[in-house]
1. From the list THR57, THR35, pick out the single residue that is in contact with a strand residue (DSSP E or B) (Cβ under 7 Å, 6 or more places away or on another chain), assigned to a helix (DSSP H, G or I) and of a type in the set (Ser, Thr, Tyr).
2. Kindly provide the set of residues from segment 116-164 that are within 13 Å of the ligand (Cβ to nearest atom), modelled with pLDDT under 90 and either part of a helix (DSSP H, G or I) or surrounded by 18 or more Cβ atoms within 10 Å (Cβ to Cβ) (or both), ordered by number.
3. Which residues, counting only those in segment 43-82, are within 11 Å of the ligand (Cβ to nearest atom) and either polar (S, T, N, Q) or touching a Pro at 6+ places or on another chain (Cβ under 7 Å) (or both)?
4. Return the pair list, or none, for Cβ contacts closer than 6 Å from residues in segment 41-53 that are of a type in the set (Ser, Thr, Tyr) to residues that are near the ligand (Cβ under 7 Å from one of its atoms), at least 6 apart or on different chains.
5. Looking only at segment 16-37, which residues are surrounded by 15 or more Cβ atoms within 10 Å (Cβ to Cβ) and away from the ligand (no atom under 12 Å from the Cβ)?
Amino acid sequence: MAWQPYEILDKTENTENIYKIIVLGDGFVGKTAITVRFCENQFKDEYIMTIGVNFGTKKFRYKGTSYTLQIWDIAGQERFGAFRTSYYSAAVGVILVYDVTNKLTFLDLPNWTCEFQQLIGTKPVVVVGNKLDLPDSGQVDSRTGRPYEKQVGFKEGKCFADSINATFLETSAKGNYNIDNMFTALVDSVDEKLFSNMLNVNSFNSIDLGFNKLYSLVSGNDVSKIYDSLMMLKHSIFQQNPYSVVLGNINEWINYLPKAPYTSEVSSLLLKSMDVWQQYYEQSLKEGEAVSSRI
Ligand code: GTP
């Protein structure tokens with residue numbers, strides 16, 4: 001089996017994160033094929049038009065965190081427009097697909113972007129030029145009667161993706177090319193966005209993580225140095241604790257951080273601080289109230 005950037009988990013396992021992903025694009029571009037390739041590692045040449053929506057689910061561990069992706073492959077044909085949009089809600093990320101051999105499907109991407117943005121706002125997106133195997137296949141395109149040719153160049157695809165702040169990949173569901181990368185790239189963007197939305201350095205040398213207050217740890221505004229360490233801790237914090245958190249001793253951090261590029265020592269200090277937080281948290285559970293304290 002080809003190398004995968006994640007470890008597949010059993011379907012019965014509970015995961016730390018459950019992400020709803022929607023797959024959008026014109027009819028016949030390969031949305032179902034991409035979903036089926038990712039979830040079941042299969043590909044079928046015949047076309048069965050999606051009516052309404054298909055679902056795929058996959059559970060895996062990636063970069064130390066477990067995920068369930070619920071993939072909603074939504075009918076691309078114009079005629080399903082009226083009820084299509086009802087499936088968009090609560091999606092945390094979007095795969096936007098066109099067919100590299102059909103320019104019209106690429107030209108429709110701005111419409112798809114407008115449609116989902118109006119309904120669910122700006123979300124992490126991966127733009128995907130699918131059917132990359134076809135241009136060199138020697139097969140004849142029944143629309144033109146000539147061999148398939150690439151009608152959308154890599155640069156063009158990338159340029160559009162950049163314009164909406166999205167990641168860009170060319171893929172082949174048939175050849176299983178970049179399919180895993182497409183979904184892990186989206187997971188990366190969703191994680192990053194969830195985190196950075198909540199990350200807001202204020203003037204008190206503290207980090208405010210939205211409704212979770214993670215105080216201390218930062219000297220000045222040098223967030224980048226500890227960003228990765230915080231990413232590492234993010235799940236343990238967010239997944240377990242809906243309230244407020246205090247980590248560590250601020251004096252220790254202020255003395256330490258200016259000298260340190262971010263290193264494993266930074267991470268280990270953060271982890272030590274987690275013990276402190278854990279005690280607060282367990283205590284709060286006992287008392288039936290949220291922890292809300294500052295150093
Ligand atoms: P709708 O259900 O109408 O929205 O279409 P869709 O976007 O889900 O397309 P679907 O996955 O059903 O694929 C349409 C056709 O393209 C099928 O015949 C697939 O076998 C074929 N196809 C999909 N992906 C690829 C690919 O990467 N390479 C090749 N050669 N064919 C593909």
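1. Values: THR57 fails: assigned to a helix (DSSP H, G or I).
Sole residue among the options that is in contact with a strand residue (DSSP E or B) (Cβ under 7 Å, 6 or more places away or on another chain), assigned to a helix (DSSP H, G or I) and of a type in the set (Ser, Thr, Tyr): THR35.
2. ASP136
3. THR50, ASN54, GLN77 - these are the residues of segment 43-82 that are within 11 Å of the ligand (Cβ to nearest atom) and either polar (S, T, N, Q) or touching a Pro at 6+ places or on another chain (Cβ under 7 Å) (or both).
4. Filtered contacts from segment 41-53: THR50/THR32; THR50/ALA75.
5. Result: GLU16, ASN17, TYR19, LYS20, ILE21, ILE22.
The values are calculated or read from the model by the stated rules, or taken from the named source; none is laboratory data. Since this is a predicted model, take the numbers as computed values, not measurements. We place every Cβ from the backbone using ideal geometry, glycine too, and count neighbours over all the protein chains shown.
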